[in-house]
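All remarks here apply to the structure that follows.
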Amino acid sequence: MCMQLAGLVLVGVGCWAFSEKNRLTDVVDVNSLQSKYSDVFDVIFDLTIIIIILGVVIFVLSFVGCVGALRENICFLKCVRTSSGVTRGRRG
């Protein structure tokens, strides 16, 4: 439950930071979207988008683990074990 809240907090903070960043640059630049994201690397290396994606991944993995433990679903638990092993650099 704690990791689910942490994931939702990361999503919220990332969305807030993304909206504030765009609000501040919209005042200065009229053609904001075309000038901000001219290349795919601008989107990939945008810190706010990385925080949002990280929060979604944490929330989904913790939710799947919680439901797997609650329902004793072996498939969900193996999925969480494998994904946590992959993120730690080990095979599941």
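What follows is calculated from the coordinates using simple rules that are stated; it is not laboratory data. Note that this is a predicted model, so its numbers are computed, not measured.
Provide the per-residue ³J(HN,Hα) series for region 43-54, in order, calculated from phi with Karplus coefficients 6.51, -1.76, 1.60 and θ = phi - 60°, each as a whole number of Hz, with x at glycine and proline positions.
For region 43-54, the Karplus-derived couplings read 7, 5, 9, 6, 5, 5, 5, 5, 5, 5, 5, 4 Hz, x marking Gly and Pro.
Step through the residues of region 3-12 one at a time and calculate ³J(HN,Hα) from phi using the Karplus curve (6.51 cos²θ - 1.76 cosθ + 1.60, θ = phi - 60°), rounding each to whole Hz and writing x for Gly and Pro.
Using θ = phi - 60°, the values come out as 5, 5, 5, 5, x, 5, 5, 4, 5, x Hz.
For region 46-92, what is the convex hull (Cα atoms) projected area averaged across all directions, in square nanometres? Mind dumping the intermediate values first?
Numbers: hull surface 13.6 nm².
Over every viewing direction, the Cα hull of region 46-92 projects on average to 3.4 nm².
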